[in-house]
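See structure below.
The values are calculated or read from the model by the stated rules, or taken from the named source; none is laboratory data. Computed from a prediction, not measured in an experiment: that's the story for all the values here. Don't worry about glycine lacking a Cβ; one is built from the backbone with ideal geometry, like all the others, and counts go over all protein chains shown. Heavy atoms of the whole protein, side chains included, go into the accessibility calculation; ligands, DNA and RNA do not. Shrake-Rupley method; radii C 1.70, N 1.55, O 1.52, S 1.80 Å.
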Amino acid sequence: MALFAFLATAVADEVEGRRPGARHAMLIYVTAADFEAAQPKAAGVAIGAGWMLVRLEKGKPIDADQPQVDSVLAAAAKTAIEEGSAMVVYGDELPPDA
């Protein structure tokens, strides 16, 4: 299994601590056999966590052995390797026209 990261946007549906209807940027980490399998898995992770209108903006494989400079992203990558997926949701809402 390989590790993939996706930059995505999604709208909060029933997400604790988020205003319903608010759009947020997020990073979704998943493990999958290949990029084609990683895409629907990443979208499913967000949907399963209470997000809707998930849009995967960019995605790429991540070298799991390369150290991450950001501790939050490093922890998310480690969790994805151990559990299959992880999400980092940015706190600021995106404006409607972004």
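Being of a type in the set (D, E, K, R) and touching a residue at least 24 places away in the same chain (Cβ under 8 Å) is the filter here, so list the residues in the stretch 17-47 that pass it.
Step one: list which residues in the stretch 17-47 are of a type in the set (D, E, K, R), which gives 18-19, 23, 34, 36, 41.
Once the filter is applied, which keeps residues that are of a type in the set (D, E, K, R) and touching a residue at least 24 places away in the same chain (Cβ under 8 Å), the stretch 17-47 yields R18, R19, R23, D34, K41.
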Check: Can you name every residue in the stretch 54-87 that is out of contact with any Phe, Trp or Tyr (no Cβ under 8 Å at 6 or more places or on another chain), open to solvent by less than 70 Å² (accessible area, probe 1.4 Å) and among the β-branched types (V, I, T)?
Finding: V54
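From the list R18, R55, which one is among the basic types (K, R) and touching a Ser or Thr at 6+ places or on another chain (Cβ under 7 Å)? Steps first, please.
Values: R18 fails: touching a Ser or Thr at 6+ places or on another chain (Cβ under 7 Å).
That would be R55, the only listed residue that is among the basic types (K, R) and touching a Ser or Thr at 6+ places or on another chain (Cβ under 7 Å).
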